[in-house]
Every structure is written in structure tokens, then in C-alpha cells.
Amino acid sequence: MVEKEDLIFRLNKVKDKIKESAEKAGRKCEKITLVAVSKNHSAESIKVLKNAGVKLFGENRVQELEEKDNKLKKDNIELDWHFIGHLQRNKVKYLMRMPNCNMIESLDSWRLAKEINKRAKKNNKIIPLLIEINIAEDENKYGIKPNEAETFLKKVIKLDNIEIKGLMTIVPYTEDPEEIRPYFRKMRKMQQDLHDRVHPLPELSMGMSNDYRIAVEEGATIVRIGTAIFGERNY
Ligand SMILES: *Cc1c(COP(=O)(O)O)cnc(C)c1O
């Protein structure tokens, strides 16, 4: 069990650093959305953070998301969620049952786009999505290759029951987070370029515990932070 004081202390530290980095880049910190990534952490910890003002939580597995959401609902706690992990097509239908899962950040294939669109249509919904870009072209990671992003975007915006809101990326872990600044810069450039020429893309989700300060400096509008708030995950 994590101490309540520890959670709140770390949350405030993260918030301060987001503010600091935003100011350094001449940005307003109100423009930056914090997603507290609760995977592998308890509903109890989520409750503490929710009471401390965190509005949005992220999970990368559908079952874990549903379990925690149900548990918290029993305590009359309503959360907003972003789904941030690789989504299997046979799990899409479960997310559609959750009106409070308000974004899927990890659209990584055409087949998944078609499945989400089909299920959304059945449920009379329009689902906000981010396209996950494999910016480092890492063979072990999901995501659309940078040189295929434009073609992919042009194709998925034709689907009626999904709404593409922006781009997301997971960058490689490096000892020195400065090394990944060029990837964040490339993402920002791609967002701006596609936004200007193809389709409005207000959101850019990038930055995790190791590197969110650099991501904010480089233009992230959403940061997804787990460890720096919740502490280490025990697998
Ligand atoms: C786990 C996870 C995070 C948070 O990672 P931390 O390093 O713990 O901050 C962010 N994004 C995605 C997609 C994740 O799976």
C-alpha cells in the first residue's frame, strides 16, 4: 500500500515540473493535459489522486481498465479514462460499453480503425482517437511508420464514426532523455504539417516519466505519466 502523502507529494512535483517546462518554452501549462497512468496500481491509489484533483487516468489493458472502473463506481467515483495500449480488435466492443473512456490514444492499424468505426456506428457514437506513430521506427513497437502517416491519416478520416484528434508516440527509453529530443521535435513537426495540410490535429501525446519535461518543451499537449506519480510498478 502506497502512502497517501507520497502520492500527493509526487503528483505535485510532476505538476510543478510540467509548469516549469511549459514556461521555459513559452507555453501555458493549462494547455497540457496530464494522464495519470495507473496500470498495475491499485484502485485505492487512484482514489487518492482523484481526490487530489487528477481528472484523467490511463490504462493499457481493457480488462484492467474495466475492473478498476467498476470497483471505483461502487464507491461512487466516476473517472475519465484514456486507453493508451495496443488494442486487440476483439476487445474493442468492451471499450464501447464505457462512456467514460473518452479517448483511444493508440490507433495503430487500418484493421483496428475499421473495427472501432464499426462498433462505434452500432453504438451511435463517434470515438476520439490519436494515431500512434512509431517515430523511432523501432521494430519491437506498434505504430504507424512516419513515412506512412499522411496516407494513413487521409484514409482514416474518411471513416464516419471516428474522429482523429492528433498524434501519439512512445519513444525508446534512454539513460539520457536529451537523446530523444529529436524524436519529439519530429513529432511536433509532423503534427503541424499534417494539421496545416490534411486535417485538424490539436493533440500531441508524448512524454512519460523519464522524459515528459523534454516532451512539454517540444510541444506535447498530453503527457502520460505513471511511475513518477504512482511509484514503481510491481509485476
Ligand atoms: C506505461 C505507459 C506509460 C507511463 O510510463 P511511465 O514510464 O511509468 O511514466 C505511458 N504511456 C504508455 C503507452 C504506457 O504503456
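Below are the figures for this structure:
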quantity	calculated
Exposed trypsin sites (Lys or Arg not before Pro) absent - longest run of the chain, DSSP non-H/G/I/E/B, at most 12 other C-beta within 10 Å	159-232
Cut-off under 5 Å, modelled amide H: who pairs with residue 56 long-range	36
5 angstrom amide H check on residue 226, placed H, neighbours 5+ away	37, 209
Loop sites in the stretch 126-195: GluC sites (Glu not before Pro), DSSP, at most 13 other Cβ within 10 Å	137, 139, 175
Size of charge dipole - the chain - debye, nearest 20, with Cβ of Lys, Arg +1 and Asp, Glu -1, no other charges	1040 debye
Expected 222 nm ellipticity per residue - DSSP helices of 4 or more, -39500 (n - 2.57), all of the chain, to 500	-12000 deg cm²/dmol
All-pairs alpha carbon distance profile, the stretch 22-112, 10 Å steps from 0, percent	15, 46, 27, 11, 1
Cα principal axis extents for the stretch 134-235, largest first, Å	41, 27, 26
Accessible-area ranking of 110, 81, largest first, probe 1.4 Å	110, 81
Förster-model FRET efficiency, 30 Å R0, residue 8 and residue 199, C-beta, rounded to 0.05	0.15
Relative contact order of the chain, pairs being alpha-carbon contacts under 8 Å that are 6 or more residues apart, as %	21 percent
Cα-centre dipole for the stretch 99-235 with unit charges at Cβ (Lys and Arg positive, Asp and Glu negative), debye to 20	940 debye
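The values are calculated or read from the model by the stated rules, or taken from the named source; none is laboratory data. The shown structure was predicted, so the numbers you read here are calculated from the model rather than taken from an experiment. As a convention, Cβ positions derive from the backbone with ideal geometry for all residues, glycine included, and neighbour counts pool all protein chains shown. Note: areas computed on protein heavy atoms with side chains; ligands, DNA, RNA excluded. Shrake-Rupley method; radii C 1.70, N 1.55, O 1.52, S 1.80 Å.
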